[in-house]
1. Under a point spin-label approximation (7 Å from Cα along Cα-to-Cβ), what is the B:L90-A:R327 distance to one decimal in nm?
2. Using the beta-carbon distance between A:W123 and B:V101 and R0 = 30 Å, what value does 1/(1 + (r/R0)^6) give for FRET efficiency, to the nearest 0.05?
3. Beta carbons within 10 angstrom, averaged per residue: use that to sort the peptides A:262-269, B:25-32, highest first.
4. Per residue of A:182-188, what is the mean number of Cβ atoms on other protein chains within 10 angstrom of that residue's Cβ?
5. What ranking do B:130-139, B:92-101 get when scored by the average of other Cβ atoms within 10 Å per residue, highest first?
6. Hey, got the dipole for chain A? About the Cα centre, +1 on K and R Cβ, -1 on D and E Cβ, debye to the nearest 20?
7. Just counting partner chain Cβ atoms within 10 Å, what average do the residues of peptide B:217-224 show around their Cβ?
8. Report, in deg cm²/dmol and to the nearest 500, the calculated mean residue ellipticity at 222 nm for chain A, where each DSSP H run with n ≥ 4 adds -39500 (n - 2.57) and the sum is divided by the residue count.
Amino acid sequence: MTLDNPAFIDELPLGSPSRIVRFRHSLWSRVLGRVGSGVVVLWAAVTLSFASLQIAPGNIVNLLVGDQLPTPEVEAAIRAEWGLDEPLIVQYLRYLWRILHGDFGRSYVLQSDVTSLILSQLWPTLKLTSAALVVAIVFAVTAAVLTAGRRWPRRLASAAELVLVSTPSFWLGIVLLFVFSFTLKLFPVAGDKNFSSLVLPALSLGLSLGAVVSQVLRQGLENALEEPFALTVRSWGCSDLTLRLRHCLRHASLPAVTLTGWLVGGLLSGAVITEQVFGRPGLGKVTVDAVLGKDLPVVLAVAIFSALIYVVLSTLVDLLYLFLDPRLRTRNR
Amino acid sequence: MTFQTSVSRKHRWHVLPLLLNNAGLIASFIFLVLVASVTISPDLLSSYDPIAADPIQAQLPPTYEHWFGTDHLGRDVFSRVLHGARYSLLIGVSAMLIAVVVGSLLGLLSGLARGFVDEIITRFLDVVSAFPDLLLALVLISFTGPGTFNLIFALGVASIPRFARVVRGQTFVVAESGYVEQAKTFGLSRTTLIWRHILPHAIEQVPILATIGLGTAIISAAGLSFLGMGPQPPTPEWGAMLSEGRNYLRNAWWIGVWPGLAITLTVISVSVVGRRWQAAFEGRRLV
């Protein structure tokens with residue numbers, strides 16, 4: 001979950017403003033370049049996962065079967081699947097080729113194809129993370145718009161955000177479960193049957209992300225409220241809320257959008273824990289079982305998959321910048 | 001010196017507002033001192049054994065005898081929370097130490113070497129950052145297996161990139177600065193230059209980042225223990241205790257509440273101190 005502290009905002013890996021200001025190419029070559037570097041990161045991630053199997057101590061067959069003893073048939077199957085009798089470079093190319101075709105191999109612990117396993121568990125996790133993202137954005141925008149530049153509301157909100165950021169999401173989940181499920185009996189205790197079973201998990205996963213983002217958003221809003229254009233808009237007789245929502249929010253959202261894109265990866269891995277707390281099915285449960293059972297094909301596939309999501313999201317965030325701030329579009333000469 | 005005394009004389013009667021303004025900082029500091037002393041000797045405040053089971057006393061609510069109640073095996077929860085400070089804090093601190101040392105060295109190497117080496121290290125860090133910290137730690141644990149030391153190692157490795165990035169950037173700035181140029185003209189050796197003049201300034205911010213990162217590390221460590229990747233039962237680690245408490249929520253809320261409160265308060269205190277330190281370092285006032 002590593003809903004990281006805002007202290008690290010200055011060194012965001014991708015899409016930081018300095019990179020954007022520096023570009024001198026046309027919009028399209030910028031888009032292509034961004035996509036290209038994303039592909040390079042993905043290729044490196046796949047290579048890293050292949051290399052980790054080679055570097056790890058122990059026989060690769062034993063690594064792949066997990067915490068069980070390989071029978072001769074299984075060993076033969078692994079040798080054939082990974083081409084272990086061939087030179088390393090052939091094995092590597094084979095691995096790349098397979099992953100390029102969406103084939104993440106076979107889990108010998110679960111006796112099934114990894115790709116179909118992941119796809120079958122994807123939907124509940126996706127539902128949870130998107131609901132959590134909605135919670136985070138709604139919380140961040142509301143808290144920031146209502147409290148920016150106002151002394152006491154701001155202090156109260158800052159304190160609440162500090163508490164939310166410092167609360168482990170799984171403990172928040174346990175407390176919510178105790179209050180709303182066991183005591184008030186408003187929401188189901190476990191499972192993933194209907195919408196009401198999504199509410200508590202989404203809150204416990206999304207609130208701390210929302211708190212991090214709202215700190216950044218408020219800072220941005222306060223800066224924007226000091227700008228000359230804010231005075232102009234006020235002189236038109238616009239209400240304070242209109243000024244904040246229609247004019248300042250856009251300016252303030254740039255760093256917040258970067259941060260959100262960057263933290264969504266954390267949301268995905270936070271989902272692993274949240275799913276465990278609320279007994280929900282999904283990728284998280286698959287991952288935890290795979291890690292504890294040393295089911296490496298599944299673990300590596302989940303890792304590559306989340307790297308893919310990270311790359312896609314950070315690319316989208318960079319492109320969103322161009323959409324949000326027209327000045328960046330015209331500066332390319 | 002004269003300036004100092006005149007300032008303090010002027011503000012002598014304004015101690016109370018000063019205390020009120022810094023109430024959060026002072027409370028955090030006191031709490032951290034408390035946690036630190038509990039880490040050193042947990043038996044100071046509680047006489048119950050944190051591990052020995054006593055089924056007759058199982059699931060007692062908080063009373064004068066057992067301040068935080070007892071868990072499903074009849075162990076005193078207060079005593080377990082106190083003993084747990086040792087595990088949770090040491091895991092967080094050790095992981096940060098690994099990240100700080102390796103990260104700083106990588107950053108320094110990258111910032112000094114520039115060119116090809118820098119490119120390789122930066123790209124490598126980019127790729128590692130493409131995996132969320134927690135997931136990276138999970139991948140490492142799937143190779144090493146669960147356990148306290150493996151958890152420290154995994155968390156530490158996963159936090160390396162952020163320190164490496166900051167130190168790399170600072171090294172660039174410091175190596176270009178005037179006083180390093182000047183030191184070069186004195187004919188100092190490259191080793192002296194790096195260790196005595198560049199390194200101390202390049203890592204100036206690292207302790208602050210480590211303090212702020214410690215909060216995140218404690219949360220991640222507790223999360224991974226909650227999943228069963230860390231210290232194994234009956235170790236009284238906060239995350240592991242929460243994972244047991246989750247199963248008894250229906251009858252005994254206290255098992256699952258106190259350890260989480262301990263984590264949250266510790267992390268809040270660490271963040272307050274870290275942020276104040278950062279604000280002081282950057283010379284701005286925290287409102």
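1. 5.3 nm
2. Numbers: r = 42 Å, r/R0 = 1.41.
Efficiency at R0 = 30 Å is approximately 0.10.
3. Values: A:262-269: 24.2, B:25-32: 15.6.
The densest-packed peptide leads the list: A:262-269, B:25-32.
4. Values: counts 4, 2, 0, 0, 0, 0, 0.
Partner Cβ neighbours, averaged per residue: 1.
5. Details: B:130-139: 25.8, B:92-101: 20.3.
With the highest mean Cβ count within 10 Å placed first, the list reads B:130-139, B:92-101.
6. Values: 28 positive and 22 negative charges, 335 e Å.
With only Lys, Arg, Asp and Glu charged at Cβ, the dipole is about 1600 debye.
7. Details: counts 1, 2, 11, 8, 1, 4, 12, 3.
Going residue by residue through B:217-224 and averaging, the value is 5.
8. Values: 14 runs with 235 residues, N = 333.
Calculated mean residue ellipticity at 222 nm is -23500 deg cm²/dmol.
None of the figures in this text is laboratory data; all of them are computed from the coordinates on show. Source: prediction; values computed, not measured. For neighbour counting, all protein chains shown are included, and Cβ atoms are generated from backbone atoms with ideal geometry for every residue, glycine included.
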